[in-house]
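Working notes, beginning with the structure itself.
Every read-out reported here was derived from the displayed coordinates using simple, explicitly stated rules and does not represent laboratory data. Treat the numbers as computed from the prediction; the structure is a model and nothing was measured. So basically every Cβ, Gly included, is an ideal-geometry build from the backbone, and we count neighbours across all protein chains shown.
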Amino acid sequence: MPTTEETHARLAEIPNLTVSTDTPLSRYTRFGIGGPADLYAETGSAEAFVAALAAARASGIPTMVIGGGTNLIVSDRGFRGIVLRFRADRPDGSFYEPDSCVSRICQRVPIP
């Protein structure tokens, strides 16, 4: 099984994917609470999201997919694993409903 560092390197190679470590998940929840994710990756590209999800699954590291954070509460201890976020921005700067965007993408990728 690849290490977190190896998985970080693989994710960082995916075009249009922003990857960071120890990212506070409080930034992505409506209530502004939650500790850090070991690895955090986000994109507005469906292709990058699918590639990131495949890489995360191949790593064997626990993975969580999030959207806009409205229905998300994260422990102050954070998430020991990879958090993937699909960010679908509209040209006018508003946000698409995350459930519909993520579910359309994930229909093509089986999630265990």
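When the alpha carbon gyration tensor of the range 1-65 is reduced to an equivalent ellipsoid, the three semi-axes, largest first, read 20, 14, 10 Å. Placing a label point 7 Å from the Cα of Asn71 along the Cα-to-Cβ direction, the residues of the range 11-33 whose backbone N falls under 18 Å from that point are 28-32.
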